[in-house]
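K.L.:
Would you mind keeping the following structure in view while I ask a few things?
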6 protein chains.
Amino acid sequence: MKLSEHTWTDVADCETDLAVLPVGSTEQHGPHAPLGTDALTAAAVAEAGVDRYDGTAVIAPTIPVGVAAEHRQFPGTLWVSPETFRRYVRETIESLRTHGWDRIVVVNGHGGNVDALRELCGTLVRESEAYAVPFTWFDADIYDDIETDIRMGHGGPVETSVIQHTDPELVREERMKRAGEESATGWGEYQSGVNLAYDSAEFTENGVVGDPREGGPAVGEGLLDGAVTALSRLLETVATRDVSRPQRRD
Amino acid sequence: MKLSEHTWTDVADCETDLAVLPVGSTEQHGPHAPLGTDALTAAAVAEAGVDRYDGTAVIAPTIPVGVAAEHRQFPGTLWVSPETFRRYVRETIESLRTHGWDRIVVVNGHGGNVDALRELCGTLVRESEAYAVPFTWFDADIYDDIETDIRMGHGGPVETSVIQHTDPELVREERMKRAGEESATGWGEYQSGVNLAYDSAEFTENGVVGDPREGGPAVGEGLLDGAVTALSRLLETVATRDVSRPQRRD
Amino acid sequence: MKLSEHTWTDVADCETDLAVLPVGSTEQHGPHAPLGTDALTAAAVAEAGVDRYDGTAVIAPTIPVGVAAEHRQFPGTLWVSPETFRRYVRETIESLRTHGWDRIVVVNGHGGNVDALRELCGTLVRESEAYAVPFTWFDADIYDDIETDIRMGHGGPVETSVIQHTDPELVREERMKRAGEESATGWGEYQSGVNLAYDSAEFTENGVVGDPREGGPAVGEGLLDGAVTALSRLLETVATRDVSRPQRRD
Amino acid sequence: MKLSEHTWTDVADCETDLAVLPVGSTEQHGPHAPLGTDALTAAAVAEAGVDRYDGTAVIAPTIPVGVAAEHRQFPGTLWVSPETFRRYVRETIESLRTHGWDRIVVVNGHGGNVDALRELCGTLVRESEAYAVPFTWFDADIYDDIETDIRMGHGGPVETSVIQHTDPELVREERMKRAGEESATGWGEYQSGVNLAYDSAEFTENGVVGDPREGGPAVGEGLLDGAVTALSRLLETVATRDVSRPQRRD
Amino acid sequence: MKLSEHTWTDVADCETDLAVLPVGSTEQHGPHAPLGTDALTAAAVAEAGVDRYDGTAVIAPTIPVGVAAEHRQFPGTLWVSPETFRRYVRETIESLRTHGWDRIVVVNGHGGNVDALRELCGTLVRESEAYAVPFTWFDADIYDDIETDIRMGHGGPVETSVIQHTDPELVREERMKRAGEESATGWGEYQSGVNLAYDSAEFTENGVVGDPREGGPAVGEGLLDGAVTALSRLLETVATRDVSRPQRRD
Amino acid sequence: MKLSEHTWTDVADCETDLAVLPVGSTEQHGPHAPLGTDALTAAAVAEAGVDRYDGTAVIAPTIPVGVAAEHRQFPGTLWVSPETFRRYVRETIESLRTHGWDRIVVVNGHGGNVDALRELCGTLVRESEAYAVPFTWFDADIYDDIETDIRMGHGGPVETSVIQHTDPELVREERMKRAGEESATGWGEYQSGVNLAYDSAEFTENGVVGDPREGGPAVGEGLLDGAVTALSRLLETVATRDVSRPQRRD
């Protein structure tokens, strides 16, 4: 049940303690994929995941701006500081909690949000009466059933394929060739286990990591299906897990 | 040009210093209108306003959760603290500014956001190189051409009419009668110029202020048209206004 | 009972749960009225209002610096950020509350404080065991009994008249002519319901809005009388109002 | 020149870079002395000190609530947190600075403010273009010319004497005997150089430290004279001191 | 050159722009390894790494308390909030920068610090004139030359081995058997790529993950050697890398 | 019992509610004494003080960076802001409290930390269930048994003597002559009870206040002995003192 499309009396009648909060980002995804990619995929996974789940969960509106300063050299990238993002998401979750939805899955579509989401959910679990976990769809086990060896990059085959499936009109197919040819092959510049780079513009000219031509709408459909299944199973677990904090060891 | 639907290369080619940022809220709007009313109307006004404007402006994604603790007794209402809201919106605007869009109109759909938006835009104008103003569509001169005397309430004829026009499937027409019959006639409880109430549940049983039956889709079309025109004219002004800060008086 | 002038044993014997906190500003009020106008008027209204009230209330000292960055181009204007102002006033109120004065009326003399006071009082009412409302004297119904059509400006006839009545030696009568001739006629520069200006120096050369010559000491006496009556009535209401928070709607 | 009593055009004509900011507290001073003692004495010293100074300085309004949680068990005591106090005072000083008054002496009347004022002035000196120092009048060399051996306590002979001189109607002479008989002889409970007490109620029953009967109006006149002289000399020094920050040692 | 053991004149003569800041944690490491394990290993790696580096770097003192709320159910675990940790480390780094050491490697010994260090270093790189990266020694390529397949756990073979090598007297060998028998085999409880656990007490009874008996002092020597080499190479890279921020893409 | 060197099972068996937290600074101490002087002395006093105490107390690791911006012109000086320092120390204390160690003595080795420690301990005592006091070793009564009239300076005879006793290899004896000859004789530049200086570089060329040649290792042994005795007695007092907050006076 999407909160935005229902009335307060509708949701008052909805008996569940599960809520899903999609969180995206508005940031460069290469010359071929839209700035809204992460919000679109998070929302798509969240909605379909709740549908597939054999139970009820409310869906909050998608938070569209996240932690993305690493892409700020590319026009159109929006971002807030990690601290502001944590406050905004945490307080939104706390307002969900007041209505009895005290088990929350944050469905995330952006790698740059991962650490901040983990931190705020952990703090919230320890300090409040709610339980929340972040689910980043492309970090779930979604690759096994896809007959390619594509892996998450940025604006690469994983994200582009999903958008080609869900919002094909937003992908500039005519720019795919160039997007792929000029893409970087890996995220960051590593040495001794350390990523020396802080901005994506340090290692990719056009903002792309991974060749988006390796995917396509069918691949996207498969990836989405995997993510949706993973989310629906996670919802089952979260609905029933003992989320009380453990006892002190003495 | 909606940022979410375009690529960074698209927006890099877009020559303008104008950006529009829609801001809504997810909160009760009575038993008949959706929780997402304020975000939907802000987005609709923003998009049509930029279309009507004889120039170019980029449109940021809609911020969906605002300052709405005053509705928290009604299920489904989401909110963040005013301070967190100010930080989130301000930093989003500052990221717009880094791309050269340093004249920003915040298109607001929620009364509870008004003070916070005015404060943050004022602080930003004084401390940064950007100019930003909040435009709250229902506070513009949109009532003169409508042949009724309806005025802004909450989930009342103004907001409901616009949603009946833009998203009719989201209005529960069968609940309009009851929504209206049990609505309050005014916002707050005033004495000596002071609103003694802090929560809408202090003065409205079902969350509604104003009888939504006094409007309708045609009224909504007219109101939207008025808001769109007002916004387009505001964009013209903001595009050309001298926004430098005045000199000290000595 | 003014706290500043009494001992702790005096106030321990004072049986009331009502406190009044005057809040002003130190900021330009044109070439003719003192920088302390807003603090002086707030203190005068507070003191006389408590006198007229048929009951007891303690009066806290006047907070002299508020939210006034909008006048910063004029020498002598002091201000703090809205956030700091909210913290300072809120914590002062919370200290009043610890002594059993948990119904507080903030008597405000400055338009720039209005939004910040409303926000902090609302947050305090929701989060603590106290009830507080801001009363801005010139926003009360004080104009009906005055046989002029003067309205609040800035350093205009309303404020100047009151100071002419309470502190006549602080008004430079010899500058009234020029103050009036060079005054602006309205506060701000509006379009589409939006005030495009953030600083008073954008629309007034000498800091004055409204012609102060339209008032005078007798007008000031009448305005003050109206404000005092409004405050005393508000105190009656606040003393007895049910200030518990409303129940959830389910 | 007291800012509160002058207009912006007056202060624009005032050629000085010196400002004085009185800071007090509203807190218990025993059964005999008023809660406003610290604000009254700070204001009195500030005003007379500027008069005696052979030069010009503007005087800001007195900040009436400080760091006084240590007295919170006594009715009427008001306080804010040290952090909020620092922010409020610092931002007030920064607004003074914008008008060219960039050498500021904070005249303080409350021991509980001392550490916070020193910290905020130090931070301000290092981070901004202003120079500020806190002057706590009873810590200056004011005791030598008084033919008693009274020393600062709390509500004791030093503070009470000054109020007896400046505002005699605010001292309850009939309670002096009891105030003195039940007073504590020292501030705090020390061991190994550590004050083990955090609240004055831990070591004084009636809030008094030091016997106020040891002073009187003549003593108060002498103490005030000493403080005023000390302040006027400090203003001379601050007006001419090289306040640039020292060079790095390399 | 360890700052703590040298004078300011010593370090003034030290020509380098490289600094190393060890960061640990004080937290449970099972019944056999000391609470100080992470600080000890960070300091050991930092010191030996700078020695091996063919150049000069100053070494700051070890920060001993980090982000460790996940172990708080185990006695002796100390922690601060992530936000406080970020502020403390960042400001320490900024003070290093003022002395010309503007390339900083944070040598980290605790997994719980990783996200916070990455965030603060990234913010610092973007906002200040310094470059900083966190190096977490057990995340470097240190396992290849060790003829076992041990991997990082918690109080497991990796950390215990290093302490057995550097501080053997601090390991309770007599408790190793029980530590290992009751240890967990993995960190966290994962589903769909999500760690459902927030506290280590959710998945380990005695705080141990991984069997410490699989290592030993010789293994520890090898691991330390690997970490030291990795750090020394990282220092070479950081000393010469172009750390300017990339240009905007337009 | 030093936490860093024991396991969680060791400290779980330790029956006490006393904890000691050493806090130092890393900052210039002249050309002859190490930057780590304050951390070294705090740790030495803490460890020996707990040993001498006829009871049990746990010892937390030493916090090495404090409030020291006043020495920032001297290379190698590290510091954080007072606010960050307060947060870091307070949260560390609060983590101690969760393990039942709710009576905490902060053993401090740096004058610049004094005010911040007093403030944070006071706030903590008032707001939490713990009791904490800061003990600054050189402010205790340690001078009486030493047959000199040396007094605390900075890098002067008191601190240098203690380091000569505890860590003689860290004192550059060959520079003592010059350190003493160029030392300042007092801390700060006072007038009217006000320290006009904010940075030590304003009044000392080489960072030294007091002639370190007036002490020596034997003096240091005596001073340390005095501090250790003072701390052990303080621990006895803190262990048994009634630390409940006093009642309101009504």
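Throughout, read-outs are computed from the coordinates displayed, never taken from laboratory work. Because the structure is predicted, anything quoted here is derived from the model rather than measured. Quick reminder, even Gly has a Cβ in these numbers, built from the backbone with ideal geometry, and neighbours come from all protein chains shown.
K.L.:
For chain C, modelled as a GNM with alpha-carbon contacts under 10 angstrom, which of C:LEU231, C:LEU117, C:LEU170 fluctuates the most?
P.N.:
C:LEU170
K.L.:
Calculate the mean, over all residues of peptide A:241-249, of how many other protein chain Cβ atoms lie within 10 angstrom of the residue's Cβ.
P.N.:
6
K.L.:
Starting from the 7 Å offset along Cα-to-Cβ, what nm value, one decimal, do you get for the label separation of A:ALA218 and F:THR56?
P.N.:
Once both label points are built, they end up 7.0 nm from each other.
K.L.:
For the range D:1-67 and the range C:1-78, what is the separation of their C-alpha centers, rounded to whole Å?
P.N.:
When both Cα centres are located, 16 Å separates them.
K.L.:
Next question, about the same structure. Sorting check: for F:103-109, D:187-193, which peptide has the highest mean count of neighbouring beta carbons within 10 Å, and how do the rest follow? Intermediate results must be reported in sequence, preceding the final value.
P.N.:
Details: F:103-109: 27.3, D:187-193: 17.3.
Answer by packing, highest mean first, reads F:103-109, D:187-193.
K.L.:
Taking every residue in E:185-194, how many Cβ atoms of other protein chains lie within 10 Å of its Cβ, on average?
P.N.:
Details: counts 0, 0, 0, 0, 2, 1, 11, 20, 12, 15.
Other-chain Cβ atoms within 10 Å of each residue's Cβ, averaged: 6.
K.L.:
Which distances in nm, rounded to one decimal and ordered from shortest, link the label point of E:GLU205 to the equivalent label points in the other identical copies, with labels set 7 Å from Cα toward Cβ?
P.N.:
Result, one decimal in nm: 6.0, 6.0, 6.0, 7.0, 8.7.
K.L.:
Where the only charges are on Cβ atoms (+1 Lys, Arg; -1 Asp, Glu), what is the dipole of the range C:120-250 about its Cα centre, to the nearest 20 debye? Before the final figure, lay out the partial values.
P.N.:
Values: 12 positive and 26 negative charges, 119 e Å.
My answer is approximately 580 debye.
K.L.:
Sequence neighbours fewer than 8 away in the same chain don't count; with that in mind, list the lysines whose C-alpha is under 26 Å from B:LYS2.
P.N.:
A:LYS2, A:LYS177
K.L.:
If you don't mind, there's one more thing I want to ask. Distances from B:THR56 to the same residue in each other copy, label points 7 Å out along Cα→Cβ, in nm, shortest first?
P.N.:
Distances between equivalent label points, in nm: 4.9, 5.5, 5.5, 7.2, 7.5.
K.L.:
Under 10 Å, Cα contacts only: if you run a Gaussian network model on chain D, which one of D:ALA43, D:ALA140, D:ALA227 comes out with the highest mean-square fluctuation?
P.N.:
Among D:ALA43, D:ALA140, D:ALA227, the largest mean-square fluctuation in the Gaussian network model of chain D belongs to D:ALA140.
K.L.:
Also: What list do you get for C:THR7, B:THR166, E:THR9, A:THR148 if you sort them by fewest beta carbons within 10 Å? Could you put the intermediate results ahead of the total?
P.N.:
Working: C:THR7 28, B:THR166 18, E:THR9 22, A:THR148 15.
Lowest count first: A:THR148, B:THR166, E:THR9, C:THR7.
K.L.:
Additional query: What is the magnitude of the charge dipole of the range B:7-240 about its Cα centre, with +1 placed on the Cβ of each Lys and Arg, -1 on the Cβ of each Asp and Glu, and no other charges, expressed in debye to the nearest 20? It would help to have the intermediate numbers written out before the result.
P.N.:
Working: 16 positive and 40 negative charges, 103 e Å.
I would put it at about 500 debye.
K.L.:
Computed over the Cα atoms of the protein assembly as shown, what is the convex hull's projected area averaged over all directions, in nm²? Intermediate results must be reported in sequence, preceding the final value.
P.N.:
On the way: hull surface 214.7 nm².
About 53.7 nm², averaged over all directions.
K.L.:
What residue among F:ALA60, F:ALA197, F:ALA42 has the largest mean-square fluctuation in a Gaussian network model of chain F, using Cα springs under 10 Å?
P.N.:
Of F:ALA60, F:ALA197, F:ALA42, the most mobile in the Gaussian network model is F:ALA197.
K.L.:
Would you work out which of B:VAL228, B:PHE85, B:ASN113 lies farthest towards the positive end of the dipole of the range B:7-240? Charges go on Cβ: Lys and Arg +1, Asp and Glu -1.
P.N.:
Sorting the options by dipole projection puts first B:PHE85.
K.L.:
How do B:ARG118, A:ARG52 line up, fewest other C-beta atoms within 10 Å first? Can you show the working numbers first?
P.N.:
Values: B:ARG118 19, A:ARG52 14.
Arranged by neighbour count, lowest to highest, B:ARG118, A:ARG52 become A:ARG52, B:ARG118.
K.L.:
Continuing with the same structure: Give me the percent relative contact order of the range C:142-250, please, defined on Cα pairs under 8 angstrom at least 6 residues apart. Provide the component values of the computation, followed by the final result.
P.N.:
Working: 145 pairs, mean separation 39.5, N = 109.
Worked out over the range C:142-250, it gives 36 percent.
K.L.:
Any idea what the B:GLY186 label distances to the other copies are, label 7 Å down the Cα→Cβ vector, nm, shortest first?
P.N.:
In nanometres, ordered from closest: 2.5, 6.4, 6.4, 6.8, 7.0.
K.L.:
Another question, if that's okay. All other residues with a Cβ under 10 Å from the Cβ of A:ARG90 taken together, and with Lys, Arg as +1 and Asp, Glu as -1, what is their net charge? Spell out each step's value before the answer.
P.N.:
Details: positive: A:ARG86, A:ARG87; negative: A:GLU91, A:GLU94, A:GLU119, A:GLU127.
Around A:ARG90, the charge tally is -2.
K.L.:
Specify the angular offset, from 0 to 90 degrees and rounded to the nearest 10, of the alpha carbon long axis of helix B:157-166 from the longest principal axis of the alpha carbons in chain B.
P.N.:
Around 70 degrees separate the two axes.
K.L.:
Which of rounded, prolate, oblate describes the range A:7-240, given a ≥ b ≥ c as roots of the alpha-carbon gyration tensor eigenvalues and a/c under 1.5 marking rounded, otherwise prolate only if a/b is larger than b/c?
P.N.:
Details: a/c = 2.00, a/b = 1.50, b/c = 1.34.
Prolate, because a/c is 1.5 or more and a/b exceeds b/c.
K.L.:
Cut-off is 10 Å between beta-carbons; in what order do D:HIS110, D:HIS29 appear when sorted fewest neighbours first? Please list the in-between numbers first.
P.N.:
Values: D:HIS110 25, D:HIS29 31.
Fewest-to-most Cβ neighbours within 10 Å comes out as D:HIS110, D:HIS29.
K.L.:
Moving to a separate point now. As I understand it, the dipole of the range D:39-174 uses +1 on the Cβ of Lys and Arg and -1 on the Cβ of Asp and Glu, about the Cα centre. Which of D:ALA39, D:ILE104, D:PRO168 lies farthest toward its positive end?
P.N.:
The one lying farthest along the dipole's positive direction is D:ILE104.
K.L.:
Gap in Å between the Cα centre of the range B:137-212 and the Cα centre of the range C:189-216?
P.N.:
The distance from the Cα centre of the range C:189-216 to that of the range B:137-212 comes to 32 Å.
K.L.:
In addition: Roughly what angle does helix D:37-52 make with the longest principal axis of chain D, taking Cα atoms, 0 to 90 degrees, to the nearest 10?
P.N.:
Once rounded, the angle reads 40 degrees.
K.L.:
If you don't mind, another one. Contact order normalised by length for the range C:7-240, with contacts defined as Cα pairs under 8 Å and 6 or more residues apart; what percent is it?
P.N.:
So the answer I get is 25 percent.
K.L.:
A follow-up question, please. Counting only other chains, and only Cβ atoms inside 10 Å, what mean value do you get across the residues of D:26-36? Intermediate values should be presented prior to the final figure.
P.N.:
On the way: counts 6, 3, 6, 2, 3, 5, 2, 2, 8, 12, 6.
Rounded to a whole number, the mean comes out at 5.
K.L.:
Sum up the charges of everything whose Cβ sits under 11 Å from the Cβ of C:LEU35, counting Lys and Arg as +1 and Asp and Glu as -1, but leave C:LEU35 out. Mind dumping the intermediate values first?
P.N.:
Details: positive: D:LYS2; negative: C:GLU27, C:ASP38, D:GLU5, D:ASP10.
The answer is -3.
K.L.:
Which chain F residue puts its Cβ closest to the axis that rotates F onto E, and at what distance in whole Å?
P.N.:
Nearest to the symmetry axis by Cβ: F:TYR88, 2.
K.L.:
Follow-up question, since we're still on this one. With only Lys, Arg, Asp and Glu charged, each at its Cβ (+1 for the first two, -1 for the last two), find how big the charge dipole of the protein assembly as shown is about the Cα centre; round to the nearest 20 debye. Working shown, then result.
P.N.:
Values: 126 positive and 258 negative charges, 1 e Å.
Once rounded to the nearest 20, the dipole reads 0 debye.
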